[in-house]
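Step one of this worksheet: look at the structure below.
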Amino acid sequence: GSGTVKVSGTMVAGGNVNLSGYAWGPDGNRIAYNADQDTNGVWEGYTVLPDGTGRLKVSAPVVPGGSIGTGNQGLWWFGNSQRNYYMGEAATLGLVELFTDIPNVAGSGVKVSGTILAGGVEDPWPTADGQKIGFIAQGDTLGLKEAYVVPRDGGTRVKISPAIVAGGRVVGIT
């Protein structure tokens, strides 16, 4: 067809869609976006069918004062379209944690990063098979950023970086 279809929901006064926080699913079946659609200033994650129907709030509940996917962060897709992932202060104010959700299940967001000591999660990346997600964070030792991998729906995270000297950090994983 032709024409323009509005896929975001009705916004509250002052609400907006994050301009860098939306993406088509790799299989083309859903669009993920984050917006302060229901409460002005509280950014949450949504998915919707390309025709604008089937809109769902999929993100985890957000603590008072928290948000997900603000700034240049949004909802990203695992390559197999079975999960979204995003970062935000949804569970703990002051800590950017990692979450995943099932794109066609409302309220399915779950924190997967485990305990973060300070700062927050950086550089999340899903594995090629879509079963796990990796990230960098201060997860075991305050002041040390190390690399971890965790099952996509949560569970036990595994540190994959070697021992790091005080003041050191992982700068990337290839």
Review point. Are any of the residues in the stretch 24-43 touching a residue at least 60 places away in the same chain (Cβ under 8 Å) and either touching a Gly at 6+ places or on another chain (Cβ under 6 Å) or open to solvent by less than 20 Å² (accessible area, probe 1.4 Å) (or both)?
Key: yes
Check your understanding: If you take the residues in the stretch 69-85 that are outside any loop (DSSP other than H, G, I, E, B) and open to solvent by 10 Å² or more (accessible area, probe 1.4 Å), which one is modelled with the lowest pLDDT?
Key -> TRP76
Review point. Taking the stretch 128-148 as the search range and keeping residues that are within 15 Å of the chain's Cα centre (by Cα) and of a type outside the set (Lys, Arg), which one is nearest to TRP24 (Cα to Cα)?
Key: GLY130
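Listed here are the residues, each with its yes/no results for (1) free of Cβ contacts under 8 Å to residues at least 12 places away in the same chain; (2) open to solvent by 40 Å² or more (accessible area, probe 1.4 Å); (3) of a type outside the set (Ser, Thr, Tyr); (4) in a strand (DSSP E or B).
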residue: MET87; (1), (2), (3), (4): no, no, yes, yes
residue: ALA91; (1), (2), (3), (4): no, yes, yes, no
residue: LEU98; (1), (2), (3), (4): no, no, yes, yes
residue: GLY107; (1), (2), (3), (4): no, yes, yes, no
residue: TRP125; (1), (2), (3), (4): no, yes, yes, yes
residue: ASP140; (1), (2), (3), (4): no, yes, yes, no
residue: GLU146; (1), (2), (3), (4): no, no, yes, yes
Study note, to complete from the structure: Looking across the stretch 109-123 at residues that are more than 27 Å from ARG55 (Cα to Cα) and open to solvent by less than 20 Å² (accessible area, probe 1.4 Å), the single one that is nearest to the chain's Cα centre (by Cα) is VAL121
Practice item. Hey, can you tell me all the residues within the stretch 127-138 that are open to solvent by less than 10 Å² (accessible area, probe 1.4 Å), over 16 Å from ASP153 (Cα atoms) and in contact with a Lys or Arg (Cβ under 6 Å, 6 or more places away or on another chain)? Key: ILE136
Review point. Inside the stretch 32-68, can you point out the residues that are aliphatic (A, V, I, L, M), at pLDDT below 95 and assigned to a strand (DSSP E or B)?
Key: ALA32, ALA35, VAL42, ILE68
Check your understanding: With (1) farther than 25 Å from VAL149 by Cα; (2) in contact (Cβ under 8 Å) with a residue 40 or more places away in the chain; (3) surrounded by 16 or more Cβ atoms within 10 Å (Cβ to Cβ); (4) among the small types (Gly, Ala, Ser) as the list, and SER20 as the residue in question, which single condition is left unmet?
Key -> (3)
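The values are calculated or read from the model by the stated rules, or taken from the named source; none is laboratory data. No experiment lies behind these values; they were computed from the predicted model shown. Note that we place each Cβ from the backbone using ideal geometry, even for glycine, and neighbour counts take in every protein chain shown. With ligands, DNA and RNA removed, areas are computed over all heavy atoms of the protein, side chains included. Shrake-Rupley method; radii C 1.70, N 1.55, O 1.52, S 1.80 Å.
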